[in-house]
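Sharing a structure here in structure tokens format.
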Amino acid sequence: MRFLLRRLQFYIVAFIAALVTVFYLPRLLPGDPATAILAPMGSRLTQAQIDALRKALGLGEEPLWKQFASFVSHLFRGDLGVSYSQFPTPVTDVIATSLKWTLLLGLTSLLLSVVIGHLVGIMGAWRRGGLFDTIVPPVSNFIGAFPAFFLALGVLYFLGLKLHWFPISHAADHSIPPGFTLAYIGSVLRHLAMPMLVSVLVNLQIWIMTMRNSMVVVLAEDYITMAEAKGLTQRRIMFNYAARNAILPSVTGFGIFLGSILGGQVLIEQVFSYPGLGFQLVRAVGARDYPLMGGLFLAITTGILLVNFLLDILYTYIDPRVRRQ
Amino acid sequence: MDKRQGIRDTKPKNGRLRVLEQRFPWLFVIVRHRQARVGLAIISVLILMALFAPVIAPGDPTEYHGVTNTPPSKEHILGTDPLGRDEFRLMVWGARVTLLVGFGTAALAMVIATVVGVVAGYFRGIVDDILMLITNLFLIIPGLVLLIVLSAYLHPGTGTVILALAFTGWAFHARIIRAMTLSLREKDFVAAAVVAGESSFSIIFRQILPNMVNLIVGGFIGTTIYGIGASTALAFLGLTKMTEISWGTNLFYAQNGNALLLGAWWAFVPSGFCVALAALALTWINFGMDEITNPRLRAERELRKALGRKFMQRVRATPVRFRER
């Protein structure tokens, strides 16, 4: 319990740090948002108009701490302001729609890469130095060395443009009305295929290496020898004795990844114009849409903090050593 | 060297080499490790390409050649990009900024990581608590997302990109260095130095730091990979100084000019391949480095050499190596 409380304390500090960053970053660095928005309009605006805009953006004459207080109170009422570039959509709406797509892409590809990666890692460690072990892990390492967007471009070119297997952008056909119809779900899945493939290719090596290395250590334990001596089937030793004990480091990795799917797919989403959080973030930055940018950053960070806290709870449940601390 | 001799490394060395090896063990492991040697060769070639760009690809890389998206030909070995620039020149000259940013980021990030890690680990107590809190904050906040948000506020340029990348990339290694410092601190030679009346400053520099060179070099290589990948990603998203020639900006202009849709794969392949090659080469060098920090890996490799692949598959336990010094 004390462990969890300590972690919770840390997450609260981290959340406050994120809040402060989002609030002060635009206000401390040279050029406030108003100037940035007005820059393209040059000197055609009068001082009165500039002041009006500053006021509308909440950049008035009030002291900073007062602005911060109002920012926080708005935030807790679920109000992150209005997006400039998609005016007048509230920032929270943009986040809600894009979060859906990011989660779909992130969770499916995470699940796939975890399952495949662990199986490969287990097999590789089991026949260490064997044919499978000398080919598959190095190949996955090789693929993983490529920058995510470069892989994405390659997949887009071959599977999308040359073979026409999958649609090359967006998350679903615009002509099909959204809903639980077969046509719509089919369209969503077809649009999901390529980004998911790339995401799996990028992340697979990490799971393989984590599991393989952990398996190698566990296989050297005495209880494995004991299991062999008892004459248990190889399968049973492999999965029930070795893999089960080797999986703990992966749980930590899983937490880091579960968090990173929120912000870690920026490039993949960008290449496939997949309308997730990352895609929106890059668009917001390009359009100098400060409220949306701040909102997305906060949403991603908060999501990561939440996931990590949930994982801490899970961790105390599976690893008794943490509880006894 | 005789294959069977692999398990005991007793090759005679002359005196000067032995001194060098004691001073820079990591250098020797890299040179002996096959993958690391290949990696070192590749990265050297890329660095030479950057240094001698004016000799290898003379002429202005931004020069407009009158034809856009031409496939590779005698005139343009690697074709031209959507802006009618020679792809070969772009690739060669692009190495300069990308590698500079990569190594610059690594140097700066490792300086921060080492200072924070050593200070936290050596002085412990409240200093440690505060520094680790900051480190953990940086670890949990998504790097690429923060980087994208930062780039919206910073004036883009090589220097600011290095700053931003180092700012988001130091935390992981700070934690590792802290852990190492904590364990080194308890060693007898540090206690002896304390008794001998050495100052904290000289203990850190003369007793602790020299024992962490492997770790710092490994971290440097890892951060270089991060720097190259992340700076390329930022450029690809159009968030750095776009007048610069780097592998990332080359890819950005290729993407922006819809090179893929037009089938001009040659606009992507040279720069993208160089990024992947650099990342892969550095990863291989780090595999070599891993064998220093984890002697079991080295022992395993030597055992495999001695026993041959067939027999190795039957061995479960990881050998621990004995070495006469």
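Values in this text are rule-based calculations from the coordinates and carry no lab data. Note that this is a predicted model, so its numbers are computed, not measured. When we count neighbours, we look across all protein chains shown, and the Cβ atoms used for this are built from the backbone with ideal geometry, even at glycine.
What FRET efficiency do you get for B:L133 and A:Y223 if R0 is 56 Å and r is their Cβ-Cβ distance, rounded to the nearest 0.05?
0.90
Related question: If each residue's Cβ is checked for other Cβ atoms within 10 Å, how do A:T225, B:T249, B:T135 rank with the fewest at the top?
Arranged by neighbour count, lowest to highest, A:T225, B:T249, B:T135 become A:T225, B:T135, B:T249.
Now for a different question. Once you compute Rg and the Kirkwood Rh from C-alpha atoms, what is the Rg to Rh ratio for segment B:25-300?
For segment B:25-300, the value is 1.06.
Can I ask one more? About the Cα centre of segment B:25-300, how large is the charge dipole given +1 on each Lys and Arg Cβ and -1 on each Asp and Glu Cβ? Please answer in debye to the nearest 20.
Dipole size: approximately 480 debye.
Averaged across the residues of B:258-270, what count of C-beta atoms belonging to other chains lies within 10 Å of each residue's C-beta?
What the average comes to for B:258-270 is 3.
How much of the pair distance distribution for the protein assembly as shown lies past 41 Å, counting alpha-carbon pairs only, in percent?
Value for the protein assembly as shown: 34 percent of Cα pairs lie more than 41 Å apart.
If packing is taken as the average count of other Cβ atoms within 10 Å, what order do B:165-175, A:1-11, A:100-110 fall into, highest mean first?
So the order, starting with the most tightly packed, is B:165-175, A:100-110, A:1-11.
Okay, next question. How high is the FRET efficiency between A:R2 and A:L310 when r is their beta carbon distance and R₀ equals 25 Å, given to the nearest 0.05?
My answer for the efficiency is 0.85.
Suppose every Lys and Arg Cβ carries +1 and every Asp and Glu Cβ carries -1, with no other charges. What dipole size does chain A come out with about its Cα centre, to the nearest 20 debye?
Charge dipole of chain A: 640 debye, to the nearest 20.
Place the peptides B:219-231, A:180-192, A:241-253 in order of packing, highest mean first, counting for every residue the other Cβ atoms within 10 Å and averaging per peptide.
Sorting B:219-231, A:180-192, A:241-253 by mean packing, highest first, produces B:219-231, A:241-253, A:180-192.
Let me ask you something else. Quote the FRET efficiency, to the nearest 0.05, computed for B:L51 versus B:Q22 with a Förster distance R0 of 30 Å and r equal to the Cβ-Cβ distance.
Taking R0 as 30 Å, the efficiency between B:L51 and B:Q22 is 0.45.
I've got another one for you. Any chance you could run the full-extension gain for B:V213 through B:V111? It's 0.36 nm times the residue separation minus the Cα-Cα distance, nm to one decimal.
35.5 nm
Ranking B:E186, B:E87, B:E63 by Cβ neighbours within 10 Å, fewest first, what do you get?
Ordered from fewest to most neighbouring Cβ atoms within 10 Å, B:E186, B:E87, B:E63 come out as B:E186, B:E63, B:E87.
What dipole magnitude, in Debye to the nearest 20, does the protein assembly as shown give about its Cα centre under +1 on Lys/Arg Cβ and -1 on Asp/Glu Cβ?
About 2740 debye.
Can you pull the percent of Cα pairs in segment A:159-283 with separation above 27 Å?
44 percent
Same structure, new question: What average number of partner chain Cβ atoms lie no more than 10 Å from the Cβ of the residues making up A:149-156?
The mean count of partner-chain Cβ atoms within 10 Å per residue comes to 5.
Here's another thing I want to ask about it. What length, rounded to one decimal in nm, is gained on full extension from B:K74 through to B:V31, with 0.36 nm per residue of separation minus their alpha-carbon distance?
11.7 nm
OK, next. Just counting partner chain Cβ atoms within 10 Å, what average do the residues of peptide B:229-237 show around their Cβ?
That average works out to 4.
At 222 nm, what value in deg cm²/dmol follows for chain A if DSSP H runs of at least 4 each add -39500 (n - 2.57) and the sum is divided by all its residues, to the nearest 500?
Only helices count here, giving -23000 deg cm²/dmol.
Kindly rank B:101-107, B:70-76 from highest to lowest mean number of other beta carbons found within 10 Å of each residue.
Those peptides, ordered most packed to least, come out B:101-107, B:70-76.
Find the percent of Cα-Cα distances in chain A that exceed 36 Å, and round it to a whole number.
36 percent
Can you sort B:I30, B:I140, A:I135, B:I134 by how many other beta carbons sit within 10 Å, fewest first?
Fewest to most other Cβ atoms nearby, the residues stand as A:I135, B:I134, B:I140, B:I30.
DSSP H helices in chain B with Cα extent of 15 Å or more along the helix axis and mean Kyte-Doolittle hydropathy at least 0.0?
Those that pass (Cα extent of 15 Å or more, hydropathy at least 0.0) are B:34-51, B:87-123, B:125-140, B:143-153, B:158-169, B:171-185, B:213-236, B:269-293.
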